[in-house]
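Just below is one structure, and these are the notes that go with it.
The values are calculated or read from the model by the stated rules, or taken from the named source; none is laboratory data. None of these values were measured; they are calculated from a predicted model. Ideal geometry is used to build each Cβ from the backbone, glycine not excepted, and the neighbour counts take in all protein chains shown.
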Amino acid sequence: MTGIVAHPEGITSPPIDDLLEQVDSKYALVVYSSRRARQINTYLRQRSAGMIQGIPPLVESEPEDKPLSIAMHEIADGKLNFFTSDADVE
């Protein structure tokens, strides 16, 4: 079977259902994963420049993994704690 992948990689790994078990909603998933991906991206850029600051990826990753993929794996593995600000609720 050419052109068919039995176990596709990417957004389906980790499965969306596993990710949604870790957060309140799909909208929260987008916010949390994008924030963490920006942190990881900043860390990787600083590391390549010789300035180690920030929190490194909390899961094993390959050099070709994108920051968003790493963030999704961290969320699926339960490596992150999420807090919302009560100041916004008034």
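In table form, for the structure just shown:
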{"item": "Pairs, first without any contact (Cβ under 8 Å) to a residue 40 or more places away in the chain and aromatic (F, W, Y) in region 37-62, second surrounded by 13 or more Cβ atoms within 10 Å (Cβ to Cβ) and part of a helix (DSSP H, G or I), C-beta under 9 Å, six or more apart", "result": "Y43/P67"}
{"item": "Filter pass, A87 being modelled with pLDDT under 85, part of a loop (DSSP other than H, G, I, E, B) and exposed (fewer than 11 other Cβ atoms within 10 Å of the Cβ)", "result": "no"}
{"item": "Hits in region 46-72 (condition: among the polar types (S, T, N, Q), farther than 26 Å from D24 by Cβ and either at pLDDT 85 or above or surrounded by 11 or more Cβ atoms within 10 Å (Cβ to Cβ) (or both))", "result": "Q46"}
{"item": "Single unsatisfied condition, I75 versus (1) surrounded by 13 or more Cβ atoms within 10 Å (Cβ to Cβ); (2) at pLDDT below 90; (3) touching a Phe, Trp or Tyr at 6+ places or on another chain (Cβ under 9 Å)", "result": "(2)"}
